[in-house]
Protein chains: 2
Amino acid sequence: MNKLHSQTLPCMLQLARRDQRAIDLAKAKRVQKWQRDPEGMRLRILEAAKQEFAAHGLAGARVDRIAANAGANKRMLYYHVGNKEDLYLAVLEGAYEKIRSEERGLDLEHLDPPEAIERLIDFTWNYFLRNPEFLALLNTENLAKARHLKRSTKVKSMHSPFVEMIRTVVTRGVESGDFRVAVDPVQLYISIAALCFFYLSNSATLSVIFGRDLLKKEARDERLAHMVALVLAALTGKSTADFGKPATSGVRPPAHQPV
Amino acid sequence: MNKLHSQTLPCMLQLARRDQRAIDLAKAKRVQKWQRDPEGMRLRILEAAKQEFAAHGLAGARVDRIAANAGANKRMLYYHVGNKEDLYLAVLEGAYEKIRSEERGLDLEHLDPPEAIERLIDFTWNYFLRNPEFLALLNTENLAKARHLKRSTKVKSMHSPFVEMIRTVVTRGVESGDFRVAVDPVQLYISIAALCFFYLSNSATLSVIFGRDLLKKEARDERLAHMVALVLAALTGKSTADFGKPATSGVRPPAHQPV
DNA sequence: GGGGAAATTAACCCGTTGGATAAATACTGG
DNA sequence: CCAGTATTTATCCAACGGGTTAATTTCCCC
């Protein structure tokens, strides 16, 4: 859209920060056309790149659009990060770093095993909801058969802390009698991620197929309840109220019917 | 790779079929450079397009490569199907048609409710395994926010027969006492698809993250067993042998350990 | 057996896009 | 305050890629 003029738009003013110094310098001497801000520039480039790659995939992403949306000149991308693929890998690594970092903040050790699992599902679900670009980036990378990820030493060393967390939670749950069986933590982790990921990542096509908006508030709430109930029922053997309604067949609330 | 010569390679000979007539005509008169076969050409184009779109996404797909792999001239794509987007939509519609068609062949009505669910999971899993392009196409379409699907009247009218099938299976299961609760069939359908889809669609990145090959035979078998056990345990309240091993923590079989 | 529509090929067009180069401008240390 | 470096801008371009035009060949039917 704003292809032409945004491209040449300098990071002009940057009012919010460094404003004092900018004003000082400006009135001290001639009016400045632009201002240095390498770190800020790099961040804006990566953010714009993330949005672009998430919205269009690797091949569909346009370097010029990234530059425009970063309020930078195209040359800046190559200067601060590298070529398109470098840019893409940097974005991917940043995305993994971010989720791993948030994961680490979530301590499940102090919770009852069932509560810990619920919290894990809740976190995963909401993280995906809050970061839809992450889903898109993962899909893009899988389309490329993880070609870039394989070359990234950085990501390979960032193991999800969840697997070990889950292992101890499951062990504790079995010992306390809350859980009936010990499940492979990797399988459980993948299953929880799957339940959340697929629903959100494929909500566009699913919404068309089922003729109802899967992203509206009620649908999201219903989904979260379903996932928690499904996993906990399997682990504990006790079904919760939210999992299902009485056996009479077609009596879902109106909101859930296909339009 | 074979960009240059494949492009101009005519659908020469087509030895397998129409061979008799081809031979007749060839020896009757001058040697033929190529042979008419509009339906076959269309099929080969769509097949090549499917592979190309699945491997590279919509933006990454190359029209010339499709032509080359179809053994056709680039002009043929436009002559028989349309431009790149038409081609893409045709492929997408074909993919949906195919899975819906196979789904219809699976009758769950005559099975015990738990068996029916197991069969449903088994089918979904194996269909995705046998048709990896389908997963890639769905991801690509979701990246495009289902933009094309929304415009396809064809796909919108192809409802998955599974939803109603599942509804009756669940009802029967509740009535027979096999299932403890009535679950929303749409949620259950999405969950089953999710468990299968995510694992396979994201196997590339997951394999890197976990440092083990998720697609090798043992891993696939283990996954299928896990999914069936998870869903059935939630529905019936009874855990099966495959779901988990005894409570002792780190004693997964060696095959399951990260390398 | 040949006229003409259908199918296919060959060659070209032109906007786009990733990337490169060199010049201009701001900042920093001495 | 100035010299040298860091950062940004203004252009350029060659390759690519989707799509088109026109000629060529095949085959069906009268």
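The values are calculated or read from the model by the stated rules, or taken from the named source; none is laboratory data. The model shown is predicted, which means the values in this text are computed figures rather than measured ones. For neighbour counting, all protein chains shown are included, and Cβ atoms are generated from backbone atoms with ideal geometry for every residue, glycine included. The protein model used for the area step is the full one, side chains on, heavy atoms only, and it has no ligands, DNA or RNA in it. Shrake-Rupley method; radii C 1.70, N 1.55, O 1.52, S 1.80 Å.
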**Request:** Filter the range A:224-236 down to residues that are more than 7 Å from chain B (Cβ to nearest Cβ) and either under 16 Å from residue B:139 (Cβ atoms) or open to solvent by less than 10 Å² (accessible area, probe 1.4 Å) (or both), then give me how many there are.
**Result:** 4
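Could you tell me whether the range B:184-193 includes any residue that is out of contact with any Pro (no Cβ under 9 Å at 6 or more places or on another chain), of a type in the set (Ser, Thr, Tyr) and open to solvent by less than 10 Å² (accessible area, probe 1.4 Å)? Give the steps one after another, and end with the answer.
Residues of the range B:184-193 that are out of contact with any Pro (no Cβ under 9 Å at 6 or more places or on another chain), as a first pass: B:184-185, B:187-193.
Within this subset, residues satisfying the condition of being of a type in the set (Ser, Thr, Tyr) are B:189, B:191.
Narrowing further to those that are open to solvent by less than 10 Å² (accessible area, probe 1.4 Å): B:191.
Yes; the residues of the range B:184-193 include at least one that is out of contact with any Pro (no Cβ under 9 Å at 6 or more places or on another chain), of a type in the set (Ser, Thr, Tyr) and open to solvent by less than 10 Å² (accessible area, probe 1.4 Å).
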**Message:** So for the range A:72-83 (the condition being on the phi < 0 side of the Ramachandran plot, within 13 Å of another protein chain (Cβ to nearest Cβ) and open to solvent by 40 Å² or more (accessible area, probe 1.4 Å)), does at least one residue qualify?
**Reply:** no
**Fill in**
Residue pairs within 6 Å by beta carbon, gap of at least six or interchain, first lying in the range A:162-177 and touching a residue at least 40 places away in the same chain (Cβ under 8 Å), second open to solvent by 20 Å² or more (accessible area, probe 1.4 Å), listed first then second, are A:162/A:189; A:166/A:189
**Message:** Just the residues that are more than 10 Å from chain A (Cβ to nearest Cβ) and farther than 25 Å from residue B:109 by Cα, please, taken from the range B:121-136.
**Reply:** B:131, B:132, B:133, B:134
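Per-residue answers, yes or no, for (1) near DNA strand D (Cβ under 8 Å from one of its atoms); (2) within 14 Å of another protein chain (Cβ to nearest Cβ); (3) modelled with pLDDT under 90:
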| residue | (1), (2), (3) |
| --- | --- |
| B:5 | no, no, yes |
| B:9 | no, no, yes |
| B:62 | yes, yes, no |
| B:69 | no, no, no |
**Message:** Restricting to the range B:137-148, name every residue that is part of a helix (DSSP H, G or I), within 8 Å of chain A (Cβ to nearest Cβ) and more than 15 Å from residue B:97 (Cα to Cα).
**Reply:** B:139, B:140, B:141, B:142, B:143
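Collect the residues in the range A:165-175 that are surrounded by fewer than 21 Cβ atoms within 10 Å (Cβ to Cβ) and within 10 Å of chain B (Cβ to nearest Cβ), keeping them in residue-number order.
A:167, A:168, A:171, A:172, A:175
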**Asked** Going through the range A:111-135 one residue at a time, which ones are assigned to a helix (DSSP H, G or I), more than 16 Å from residue A:202 (Cα to Cα) and charged (D, E, K, R)?
**Response** A:115, A:118, A:119, A:122
**Complete:** The condition from (1) in contact (Cβ under 8 Å) with a residue 24 or more places away in the chain; (2) within 25 Å of residue B:192 (Cβ to Cβ) that residue A:206 misses is numbered (1)
**Message:** For the range B:237-247, which positions are more than 8 Å from chain A (Cβ to nearest Cβ) and in contact (Cβ under 8 Å) with a residue 24 or more places away in the chain?
**Reply:** none
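Residues checked against (1) in contact with a His (Cβ under 6 Å, 6 or more places away or on another chain); (2) over 25 Å from residue B:155 (Cβ atoms); (3) open to solvent by less than 20 Å² (accessible area, probe 1.4 Å):
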{"residue": "B:55", "(1), (2), (3)": "no, no, no"}
{"residue": "B:87", "(1), (2), (3)": "no, no, yes"}
{"residue": "B:95", "(1), (2), (3)": "no, no, yes"}
{"residue": "B:114", "(1), (2), (3)": "no, yes, no"}
